[in-house]
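The values are calculated or read from the model by the stated rules, or taken from the named source; none is laboratory data. Because the structure is predicted, anything quoted here is derived from the model rather than measured. Neighbour counts run over all protein chains shown; Cβ positions are idealised from the backbone, glycine included.
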Amino acid sequence: METECETVWKNSVGRRDSSEGSGAIICEKSDAGRRTANRRKCAAVEQFDYREMSFYQIWIRSFQDGNGDGIGDLYGVYDRLEYIRDLGVDGIWFSPIYPSPNADYGYDISDYRNIHPDYGTLEQFQRVLHRAHELGLKVIMDLVINHTSDEHPWFQESRKGKDNPYSDYYIWRDPKWGRKGRRPPNNWFSQFEGLAWKYDDQRQQYYLHVFAQKQPDLNMDNPRVREEVKKIMRFWLDLGVDGFREDVITFISKHEQLPDGIPFVPVINGMPFYKDGPNLVPYLTEFRAVAKEYGALQVGEAPMTPVRTAVRYLTGENRVLDLMIQFDTMVADCFMTEYLHHRFNLRKLKRAFSRWQYALAGKGWNALYLENHDHPRVISRYGSEEFWRESGTSLAAAYLFQQGTPFIYQGQEIGMTNIRFPSIDQYLDVASINVYRTFFKHQPEEKRMRRIHNASRDSARTPMQWTGGEHAGFSASEPWFPVNPNYPGINVEAEERDPDSILNFYRKCLKLRKENETLLFGNYREYQAWSGKRFLYERRFKGETILVLCSFSREPQTFRLPRGFAPGQAELILCNYPEGSKIGMLRPYEAQLLRWKRP
Ligand SMILES: [Ca+2]
């Protein structure tokens, strides 16, 4: 007889097939007491089957204000939990809600074990967590451990000198001295603010910050820092949360020598020496052990990590992450970063989709997303604001039916679009402001601002548009950041009323995906990869084949179905136009799902 411990991981990723029947082990462990008891019994708790799930990302500051101060909070979240459940998702990922001076809006944490006073209290968080679990929603937290805030007590101690318990919590180096005086230890740039080193007068050394100056990088090579991370994980897991989304987790192990980066490359010149570093897998293995004790989900954010490297983290018995947020699908309209914009290239997007689908097929599992708090709105990027409803729904079908666990960012499900403020002074995003001040200064103002309009993360951070009323129903008072002026037309209330809205299409897609084994587990294959106007992929499972067809064109198109797909036997199971679909024809941004059953 199998013990509870032995059943753990039995149904590992990719092993579910027809011979194993439904197979999935769902762990009902909303009850924290039972979970603790489980943990005492064996070293690991069964993990829930995240493959059948989808997640909704909350960037709390702009989600819903519950106490009328203009800032989103946990009181607002509590009131909107039913809305989230009704969307058809199975969990929530909270972007950071911890105390933070907000140099990078929550991704600079000054206390890992508390809630930012703007957002509520730990008690209110527990109410939200409890209610979410009652509604069948998992809750995962953002774990930001590459860096802290410079206002974190660890850093405040660390900067005092070289002989206190926190001295080695951060990456400190002596200056280099040259003819021109003091210089930083190497030539790395930060991703947000100039050089990656800042001199600290108190300690008389430089500290490393790969992101903003107020985000000093932790020294993960220090075993005490890794123990702190594990304690933070346990704190939240003991409260009952179900896992973590791990911020820039692939940056935590730096090259020991911290050598100079690539010359003449701005912003990311040091990346080869801090991304996918030498001790990343051992460190992640340590954290994995803690997650396993609780059956917790681990979703790692991995900027620029190529798929061949990702396979190491995501596959096999000793995999160190369950899911990875890759960046390949975020660069179909730019070179490396949205600030180096080019025309949207559908083939580039399709190549990225298929690369990950094929590489993880049968051995790992994809995280699927088109938007989050770090990227502008996808309709404005890969779709068309002119064909707003059509492209918003076609984009949904293009990614939700791939093999993987979908993530939906707040507002994406109602088709929110980019903001275009006339002046840089109206932007708050540290990255946008830095790009504006540092690069392309010779260009005319209009062109410089267009770059910000295309790229700013602030487009994803305008308040959620709930109604056509005052402040879009986000708050009773003036919001902390302006509402997108298009809210009278784009809001939840309006979307609820229209059966063919983007919101209702997301609901249909998520329901269909959840109820259909082919869409959950079927093999992925792309067709007509050469097309620059449409994206065609099939999911195949047992005797069923579903072909997903998505137009990315403003013009109608006619075409032949791939060989072997008999048009006469196809059944249309979903479409983003209310009527009039024809097989072999797509109207502007039309999306169709066609099904074939083996006779
Ligand atoms: Ca508030």
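If you check every pair at least six apart or on different chains, which have Cβ atoms under 7 Å apart with a residue in segment 397-415 that is in a helix (DSSP H, G or I) first and a residue that is among the basic types (Lys, Arg) and at pLDDT 95 or above second? If the second residue must be among the basic types (Lys, Arg) and at pLDDT 95 or above, the pairs left are 400/513.
Looking at 386, 413, 390, just one residue is modelled with pLDDT of 95 or more and under 17 Å from residue 346 (Cα atoms), and that residue is 390. With the structure loaded, tell me whether residue 110 is within 16 Å of the ligand (Cβ to nearest atom) and of a type in the set (S, T, N, Q) or whether it fails that test. Against the criterion (within 16 Å of the ligand (Cβ to nearest atom) and of a type in the set (S, T, N, Q)), residue 110 does not qualify. For segment 74-95, a tally of residues being more than 16 Å from the ligand (Cβ to nearest atom) and not hydroxyl-bearing (Ser, Thr, Tyr) returns 12. Per the listing 115, 84, the residue uniquely touching a residue at least 12 places away in the same chain (Cβ under 8 Å), β-branched (Val, Ile, Thr), part of a loop (DSSP other than H, G, I, E, B) and crowded, with 17+ Cβ neighbours inside 10 Å is 115. Scanning segment 474-493 for residues that are aliphatic (A, V, I, L, M) and either within 20 Å of residue 385 (Cβ to Cβ) or surrounded by 21 or more Cβ atoms within 10 Å (Cβ to Cβ) (or both) yields 483, 490, 492.
Tell me, please, whether a residue that is away from the ligand (no atom under 16 Å from the Cβ), free of Cβ contacts under 8 Å to residues at least 12 places away in the same chain and assigned to a loop (DSSP other than H, G, I, E, B) can be found in segment 156-163. Scanning segment 156-163 turns up at least one residue that is away from the ligand (no atom under 16 Å from the Cβ), free of Cβ contacts under 8 Å to residues at least 12 places away in the same chain and assigned to a loop (DSSP other than H, G, I, E, B). The single residue among 264, 235 that is surrounded by fewer than 20 Cβ atoms within 10 Å (Cβ to Cβ), without any contact (Cβ under 8 Å) to a residue 24 or more places away in the chain and not in a strand (DSSP E or B) turns out to be 264. Among the criteria (1) outside any helix (DSSP H, G or I); (2) modelled with pLDDT under 95, the one residue 418 does not fulfil is (2). Has segment 301-322 got any residue that is under 14 Å from residue 245 (Cβ atoms), assigned to a helix (DSSP H, G or I) and of a type in the set (Gly, Ala, Ser)? Within segment 301-322, none of the residues are under 14 Å from residue 245 (Cβ atoms), assigned to a helix (DSSP H, G or I) and of a type in the set (Gly, Ala, Ser). Within the bounds of segment 531-540, is there any residue that is closer than 27 Å to residue 353 by Cβ and among the small types (Gly, Ala, Ser)? Yes, segment 531-540 contains a residue that is closer than 27 Å to residue 353 by Cβ and among the small types (Gly, Ala, Ser).
No other residue among 320, 311, 281 is more than 20 Å from residue 220 (Cβ to Cβ) and either among the hydrophobic types (A, V, I, L, M, F, W, C) or in contact with a helix residue (DSSP H, G or I) (Cβ under 6 Å, 6 or more places away or on another chain) (or both) apart from 311. Within segment 464-518, if we keep just the residues that are part of a helix (DSSP H, G or I) and polar (S, T, N, Q), the residue that is nearest to the ligand (Cβ to nearest atom) turns out to be 504.
Summed over segment 561-599, residues that are in contact with a Pro (Cβ under 9 Å, 6 or more places away or on another chain), buried (at least 18 other Cβ atoms within 10 Å of the Cβ) and assigned to a strand (DSSP E or B) total 2.
The residues on offer are 457, 420, and the sole one that is charged (D, E, K, R) and in contact (Cβ under 8 Å) with a residue 60 or more places away in the chain is 457.
Filtered by the rule that a residue be under 16 Å from residue 83 (Cβ atoms) and either loosely packed, with under 14 Cβ neighbours inside 10 Å or in contact with a Cys (Cβ under 7 Å, 6 or more places away or on another chain) (or both), segment 499-511 gives a lone residue, 511. Whether any residue in segment 58-73 is buried (at least 18 other Cβ atoms within 10 Å of the Cβ), away from the ligand (no atom under 13 Å from the Cβ), in the same structural domain as residue 480 (by TED's automatic domain parsing) and within 22 Å of residue 235 (Cα to Cα) is what I want to check. Yes, there is a match, as at least one residue in segment 58-73 is buried (at least 18 other Cβ atoms within 10 Å of the Cβ), away from the ligand (no atom under 13 Å from the Cβ), in the same structural domain as residue 480 (by TED's automatic domain parsing) and within 22 Å of residue 235 (Cα to Cα).
For residue 105, work out the one condition from (1) hydroxyl-bearing (Ser, Thr, Tyr); (2) on the phi < 0 side of the Ramachandran plot; (3) within 16 Å of the ligand (Cβ to nearest atom) it doesn't fulfil. In the conditions (1) hydroxyl-bearing (Ser, Thr, Tyr); (2) on the phi < 0 side of the Ramachandran plot; (3) within 16 Å of the ligand (Cβ to nearest atom), residue 105 misses (2) alone. Every condition in (1) touching a strand residue (DSSP E or B) at 6+ places or on another chain (Cβ under 9 Å); (2) within 14 Å of the ligand (Cβ to nearest atom); (3) β-branched (Val, Ile, Thr); (4) part of a loop (DSSP other than H, G, I, E, B) holds for residue 128 except the one numbered (4). Can residue 48 be described as of a type in the set (A, V, I, L, M, F, W, C) and assigned to a loop (DSSP other than H, G, I, E, B)? For residue 48, the condition - of a type in the set (A, V, I, L, M, F, W, C) and assigned to a loop (DSSP other than H, G, I, E, B) - is met. Consider segment 131-155 and keep the residues that are part of a helix (DSSP H, G or I) and in contact with a Leu (Cβ under 7 Å, 6 or more places away or on another chain). The one that is surrounded by the fewest Cβ atoms within 10 Å (Cβ to Cβ) is 131.
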